[in-house]
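The numbers here are math on the coordinates, done by the rules we state, and not lab data. This is a predicted model, so every value here is computed, not measured. Because the Cβ atoms are built from the backbone with ideal geometry, glycine has one as well, and the counts that use them run over all protein chains shown.
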Amino acid sequence: MGSGLPRADWLVLACPLSERTRHLVDAVALAPLPAASPLWALPNVIVTPHTAGHSNGNETRVAAIFLDNLRRWTQGQPLLNRV
């Protein structure tokens, strides 16, 4: 991402995860914001994880994945979306 990332107001990655896009932004670029940073206290700043987005039906999809993975786990099968 180069040296521009620290000056960015937004970082949006709108691309599919593939071997070409994996590590497009690495852990160094996204290192945790220091605890002493004034950004934590600003009323116009929201610090969120990558799952901050929401769409209609999200809870239903998440529940379905969880139940499928629970079934897989109890049957000794590989889990989906394992990180």
Arrange the peptides 62-72, 38-48 so that the one whose residues have, on average, the most other Cβ atoms within 10 Å appears first.
-> 62-72, 38-48
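Can you give the extra length, in nm with one decimal, that the chain gains between His23 and Glu59 once fully stretched, where that is 0.36 nm per residue apart less the Cα-Cα distance? It would help to have the intermediate numbers written out before the result.
Values: separation 36, 0.36 × 36 = 12.96 nm, distance 2.77 nm.
Value of the extension gain: 10.2 nm.
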Treat the count of other C-beta atoms within 10 Å as a stand-in for reagent exposure and order Glu59, Glu19 from fewest to most.
-> Glu19, Glu59
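Which whole number in µm²/s is D for the chain by Stokes-Einstein, with the Kirkwood Rh taken over Cα pairs at 37 °C and 0.692 mPa s? Write down the numbers at each step before the final one.
On the way: Rh = 16.4 Å.
D, rounded to a whole number, is 200 µm²/s.
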If every Lys and Arg gets +1 and every Asp and Glu gets -1 at its Cβ, then about the Cα centre the chain yields a dipole, in debye to the nearest 20, of 220
Can you figure out the FRET efficiency of Trp40 with Leu13, using R₀ = 30 Å and their beta-carbon distance, to the nearest 0.05?
-> 0.85
Lys/Arg Cβ at +1, Asp/Glu Cβ at -1, dipole of the chain taken about the Cα centre: which of Ala27, Ala64, Gln77 is farthest positive-ward?
-> Gln77
Stretch gain in nm, segment Asn69-Thr48, where the contour uses 0.36 nm per residue and the Cα spacing is subtracted | 5.0 nm
